[in-house]
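This report refers to the structure that appears directly beneath it.
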Amino acid sequence: MPELPEVETTCRGLIPHVAGRQVTDLVVHQASLRIPVPEGLDELVGQQIESIHRRAKYLIFETKKGWMVIHLGMSGSLRICDAAVSLRKHDHVVFELDTGQQMRYHDPRRFGLVDWTSGAWQEMRWFKDLGPEPLTDDFGAAYLEEKARGRKGAVKTFIMTNQVVVGVGNIYACEALFMAGIHPNRAAGKISRKRLRVLVEAIKDRLTAAILSGGTTLRDFVREDGQPGYFKQELMVYGREGEACRKCKTLIKRCIIGQRSTFYCVKCQC
DNA sequence: AAAACTACCTGAGTGC
DNA sequence: TGCACTCAGGTAGTTT
């Protein structure tokens, strides 16, 4: 999926087109997503989108009547286009706006979700056990050290755990660990506070840089205007198995950690 | 409590 | 050209 930078890119791209606009109609072409698209989503019709927020990898659309929550799963995207543009396969939910444009939720693998609540969004099950946002001061070395204490599992799995910190997926976990010089398989609880500080800064740095590049497009991700993100060019290890390390020329290795492909440099990371 | 594994789904790529 | 197979950005839920 879209990890945090891709969701943030989508959020920023949607705001000029959607914030302050009214949703005049809504058509669900495929309700069978990660959870069924709820009936209550109809309440959105006639409402003005006051603003769009991001929490973790969730997009939150604010109206006076309630909140729509969208997660892009592994292959989802939200695009703005003219109503005349023909629908594509996997355009599952179409939102008609009072500008005459449409916002289309597209998701081949259907791991994403579209949800609605008339209560407080924070009370929804998606937000119950989430850790801090990585780009805020709530996420720091002291916090991470406390969380890591006693953990014997791989640090890579650890930083990808949403109860620890949100928004770090497989790409940016690999990239941040490379930048921090930490081997992805090292036990989380056995990393010094000094190195955790470096890791925290590496996570913030890579996520921030990726947002500036409009995210990483491997296959599916596109911004609201259909353009790809350009951070792929800056990847140091992800997807580079057998290629030369950009720092030391050693060939990049791939292994499986927590069922996920993991890329690292044996010389730069220990 | 934490770690390990499962399930959800389509499409692209590879090897035969 | 077709078939069988592997792999892919996430995460909630279940089992060990």
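The values are calculated or read from the model by the stated rules, or taken from the named source; none is laboratory data. Everything numeric here is computed off the predicted structure, so don't read it as measured data. Because the Cβ atoms are built from the backbone with ideal geometry, glycine has one as well, and the counts that use them run over all protein chains shown.
Some values worked out for this structure:
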| read-out | value |
| --- | --- |
| Selection count where residues are in contact with a Ser or Thr (Cβ under 8 Å, 6 or more places away or on another chain) and modelled with pLDDT of 95 or more, scope the range A:2-22 | 8 |
| Residue list for the range A:166-184, restricted to those being more than 16 Å from DNA strand C (Cβ to nearest atom) and touching a Cys at 6+ places or on another chain (Cβ under 9 Å) | A:Gly181, A:Ile182, A:His183 |
| Residues of the range A:190-219 that turn out to be in contact with a Phe, Trp or Tyr (Cβ under 9 Å, 6 or more places away or on another chain) and of a type outside the set (A, V, I, L, M), as a count | 7 |
| Contacts under 7 angstrom Cβ, first residue in the range A:131-150 being more than 11 Å from A:Ile191 (Cα to Cα), partner surrounded by 18 or more Cβ atoms within 10 Å (Cβ to Cβ) and of a type in the set (D, E, K, R), 6 or more apart | none |
| Neighbours by Cβ (under 7 Å, 6+ apart or cross-chain): first from the range A:86-114, without any contact (Cβ under 8 Å) to a residue 12 or more places away in the chain; second acidic (Asp, Glu) and within 16 Å of DNA strand B (Cβ to nearest atom) | none |
| Hey, A:Asp98 among the charged types (D, E, K, R) and either within 16 Å of DNA strand B (Cβ to nearest atom) or within 20 Å of A:Gly167 (Cβ to Cβ) (or both) or not | no |
| Options A:Arg223, A:Arg246: the member that is out of contact with any Leu (no Cβ under 6 Å at 6 or more places or on another chain), over 21 Å from A:Thr161 (Cα atoms), within 15 Å of DNA strand C (Cβ to nearest atom) and part of a loop (DSSP other than H, G, I, E, B) | A:Arg223 |
| Residue pairs meeting the criteria (Cβ under 6 Å; at least 6 apart or on separate chains; first in the same structural domain as A:Gly46 (by TED's automatic domain parsing) and within 12 Å of A:Met103 (Cα to Cα), in the range A:18-33; second of a type in the set (Asp, Glu) and part of a loop (DSSP other than H, G, I, E, B)) | A:Arg21/A:Asp98; A:Gln22/A:Asp98; A:Thr24/A:Asp98 |
| Candidates A:Leu135, A:Leu196, filtered to the one that is in contact with a helix residue (DSSP H, G or I) (Cβ under 9 Å, 6 or more places away or on another chain), part of a helix (DSSP H, G or I) and not assigned by TED's automatic domain parsing to the domain that holds A:Lys57 | A:Leu196 |
| Residue within the range A:193-207 that is over 18 Å from A:Ala148 (Cα atoms), touching an Asp or Glu at 6+ places or on another chain (Cβ under 9 Å), within 15 Å of DNA strand C (Cβ to nearest atom) and not aromatic (Phe, Trp, Tyr) present | yes |
| From the options A:Leu41, A:Leu72, A:Leu33, A:Leu59, residue that is away from DNA strand C (no atom under 16 Å from the Cβ) and surrounded by 16 or more Cβ atoms within 10 Å (Cβ to Cβ) | A:Leu41 |
| Inter-residue pairs, beta-carbon under 9 Å, first on the phi > 0 side of the Ramachandran plot and surrounded by 13 or more Cβ atoms within 10 Å (Cβ to Cβ) and in the range A:223-235, second part of a loop (DSSP other than H, G, I, E, B) and among the basic types (Lys, Arg), 6+ apart | none |
